[in-house]
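The block underneath contains the structure these notes are about, expressed in structure tokens.
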Amino acid sequence: MIFSSYTFIFIFLPIVFTVYFLAQRFAGDKPAKIWLVAASLYFYAHGNILFLPLLAGTLVFNYAVIKLLRKNRENRVVAVLLTALAVLENLGLLFYFKYMNFFITNVNYVFGTNYILYNIVLPIGISFYTFQILAHVIDTYRGEGSDSTFLEFSVFVTFFPQLIVGPIVRHDYMMEQIRSEKIRRIDTANIMRGIMYFSVGCAKKILIADPLITHAQTFYNVMGNGNFFEAWGAVFAYTFAYYFDFSGYIDMALGLGMFFNIRLPENFNSPYKARNFADFWRRWNITVSNFFYDYIFRRIFRFGDGVPKLVLATMITFIVSGLWHGASWHFVFWGVANGMLVSLANIMTLKRRKLPFPLAWALTFFFVLVTRVLFDANGMTQAFNVYRSMFDIRPALSGFRVFLNSGLMYISQNLYEIFLIIAGACICFAPNTREMFSESRPRWYHAVFAGALFTMSLFFMGRVSNFLYFQF
């Protein structure tokens, strides 16, 4: 079940919302939270019920470890052992489901062995809820954060708007809200704003992202072999498809949280407006970037360390980020490329060097396009094929008229997709969802705008696809 589906919008959400607030009104906060956890687990099981015991087991295990950590905080040895156990359990599951076959494949290649690959299906959302739990475990070991009941912890981990693709929420940020009196009553202003966020997110996903995904995959499905215009068209399509697919999901998640008076953290802030790659990663998937910054980068680099340490910390952080996105060498090289570009941006900041904004933006967006190939390809062979198609100018040199005609033919055959790319580029520079609905109470024209987008989305909802970030 995905957010932008008839089942979710017209059956699941109304039932969960109605029962939750009826329970708050007539039974109290605890039964309402139990219902919310049960509904969230059902939502998760709808994707693949076989992974529900894994999520439930992880939930119980980590809560037990956290409680023991709080009781044994003064005993350094016990605290270290408990934290190591939790890290081993969480990263061990992530390694098995996400990296085991990658590990076996590379062992076979290096040592000439023939170990058989496992038939492993990646549990939906494991990369996100594992990080969310790990952050709380580590914070607890450091003596940070508040205590919580098992029910509160369950709401923190399983809350369905953020369970699958984030945003990653800090424990105390969630506790402060779910313990508040505000969560117990219907807030019409929050609901209105939530509907607007959800409607904009639906439109981004259904009206822009899905057609561009189809267009890009048509090219990538032939191993990235094509002419100059087909290659650049596919790369542009994927570049904006990922933007609106992920941004659309985040808008919907934030909107759904508002229905229940829970403000999820901002996770997307117009990244294509960035003037360098350090700025880009402060805007894209913000909560995951913050996790890597807090628990990897800051463990290596301290304020006052020199440039070599800064570069080392940045490169390690982005290599880990690449592996987090996928168990394949093209994700590792994607991490290396991003690490180099972020390091360059950081060094320029330290040296107080700044390019004019138009040039800085153009270079940043160009390298976003170039690194996008490594992210979207299914392997290095396909990535090289795409790069060859993108940068092979021999057809233009050998026969410019034929080359130009092939470009005009591509445009004439893909007018709708090109229109979506141009429209998407314009939207990327317009005020984002948070900026549009920043007023304390939405205006009537906001409602008209959101209603129009939602109505248009409904007409195309029958052929909606999964969110791209489900694969991570």
Exercise. Using mean Cβ contacts within 10 Å as the protection proxy, how do 131-143, 286-298 order, highest first?
Worked result: 131-143, 286-298
For this session: Please grab the % of Cα pairs in segment 1-113 that end up more than 17 Å from each other.
Result: 71 percent
Seminar exercise, completed: Cα gyration tensor of segment 6-185 diagonalised, 5x eigenvalues square-rooted, in angstrom largest first, produces semi-axes 33, 24, 11
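Per 0.36 nm of contour for each residue apart, how much would the distance between residue 222 and residue 363 grow if the chain were fully extended, relative to their Cα-Cα spacing? Can you show the working numbers first?
Working: separation 141, 0.36 × 141 = 50.76 nm, distance 2.89 nm.
Contour length minus the Cα-Cα distance gives 47.9 nm.
Need the full-extension length gain, residue 46 to residue 76, defined as separation in residues times 0.36 nm minus the C-alpha distance. One decimal, nm.
Working: separation 30, 0.36 × 30 = 10.80 nm, distance 4.19 nm.
The residue 46-residue 76 span can extend by a further 6.6 nm.
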Problem set entry | Hz values of 3J(HN,Hα) by residue in segment 51-62 - Karplus curve (6.51, -1.76, 1.60), Gly and Pro given as x | 9, 5, x, 5, 5, 5, x, 4, 4, 5, 4, 5
For this session: Give me the number: length gained by fully extending residue 425 to residue 336, i.e. 0.36 nm times residue separation minus the C-alpha to C-alpha distance, one decimal in nm.
Result: 29.4 nm
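Which value, in debye to the nearest 20, gives the size of the charge dipole of the chain about its Cα centre, when Lys and Arg are +1 and Asp and Glu are -1 at the Cβ? Don't skip to the end; give the middle numbers.
Values: 39 positive and 24 negative charges, 186 e Å.
So the dipole magnitude of the chain works out to roughly 900 debye.
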Seminar exercise, completed: Calc'd 3J(HN,Hα), segment 290-296, phi into Karplus 6.51 cos²θ - 1.76 cosθ + 1.60 (θ = phi - 60°), Hz, glycine/Pro = x, comes to 5, 4, 5, 5, 6, 9, 10
Problem set entry | Contact order normalised by residue count of segment 6-185, Cα under 8 Å, 6+ apart, percent | 28 percent
For this session: Taking a cut-off of 29 Å between Cα atoms, list the lysines near residue 71, but don't count ones fewer than 8 places away on the same chain.
Result: 30, 33
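What is the calculated FRET efficiency for residue 10 to residue 282, with r their C-beta to C-beta distance and R₀ = 30 Å, to the nearest 0.05?
Working: r = 37 Å, r/R0 = 1.24.
For residue 10 and residue 282, the calculated efficiency is 0.20.
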Exercise. So how strong a dipole does segment 194-312 carry about its Cα centre when Lys and Arg Cβ are +1 and Asp and Glu Cβ are -1, to the nearest 20 debye?
Worked result: 460 debye
Exercise. What FRET efficiency comes out for the pair residue 84/residue 436, r = Cβ-Cβ distance, R0 = 45 Å, nearest 0.05?
Worked result: 0.45
For this session: In vacuum, with every alpha carbon of segment 183-313 counted as one equal point scatterer, what does the Debye formula give for log10 I(q)/I(0) at q = 0.18, 0.22 Å⁻¹? Two decimals, please.
Result: -1.01, -1.16
For this session: In nm, give the distance between the simple-model label positions of residue 91 and residue 409, each being 7 Å from the Cα along the Cα-to-Cβ direction.
Result: 5.3 nm
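Nothing charged except the Cβ atoms of Lys and Arg (+1) and of Asp and Glu (-1): what's the magnitude of the dipole of segment 6-185 about its Cα centre? Round to the nearest 20 debye.
Values: 15 positive and 10 negative charges, 62 e Å.
Taking the Cα centre of segment 6-185 as origin, the dipole is about 300 debye.
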Exercise. Between residue 268 and residues 5 or more places away or on another chain, which pairs have amide H atoms under 5 Å apart, with H built 1.01 Å from N, and which residues are they?
Worked result: 286
Exercise. Which number comes out as Rg/Rh for the chain once both Rg and the Kirkwood Rh are worked out on C-alpha atoms?
Worked result: 0.97
For this session: Provide the packing ranking of 311-322, 341-352, i.e. peptides ordered by the mean count of other C-beta atoms within 10 Å per residue, highest first.
Result: 311-322, 341-352
Exercise. Does a label point 7 Å from the Cα of residue 295, set along Cα-to-beta-carbon, have any residues of segment 28-64 with amide nitrogen under 17 Å, and which are they?
Worked result: 55, 58-64
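Going by average Cβ density within 10 Å per residue, which order do the peptides 189-196, 3-10, 242-249 take, highest to lowest? Don't jump to the answer; show the numbers that get you there.
Values: 189-196: 18.9, 3-10: 17.1, 242-249: 25.0.
Descending packing order for the listed peptides: 242-249, 189-196, 3-10.
Can you give the FRET efficiency to the nearest 0.05 for residue 18 and residue 305, using r as the Cβ-Cβ distance and R₀ = 56 Å? Could you put the intermediate results ahead of the total?
Details: r = 54 Å, r/R0 = 0.97.
In this case the efficiency is close to 0.55.
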Problem set entry | Extreme residue, positive dipole direction of the chain, given options 7, 319, 215 (C-beta unit charges) | 319
Problem set entry | Whole-Hz ³J(HN,Hα) from phi, Karplus 6.51 cos²θ - 1.76 cosθ + 1.60, for segment 239-250, glycine and proline x | 4, 7, 5, 5, 4, 7, 5, 6, 4, x, 4, 4
Exercise. Hey, what did the chain get for relative contact order, percent, Cα under 8 Å, at least 6 apart?
Worked result: 19 percent
Seminar exercise, completed: residue 348 neighbourhood, Cβ < 13 Å, K/R = +1, D/E = -1, net charge +4
For this session: Just name one of 200, 119, 306: the one whose Cα is farthest towards the positive end of the charge dipole of the chain (beta-carbon charges, Lys/Arg +1, Asp/Glu -1).
Result: 306
For this session: Mind giving me the nanometre distance, one decimal, between the label points for residue 106 and residue 121, set 7 Å out from Cα along Cα→Cβ?
Result: 2.7 nm
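Quick note: the coordinates plus some simple rules give every number you see, no bench work behind them. What you see is a predicted model, and the numbers here were worked out from it, not measured in a lab. Here Cβ is always computed from backbone atoms with ideal geometry, including for glycine, and neighbour counts include all displayed protein chains.
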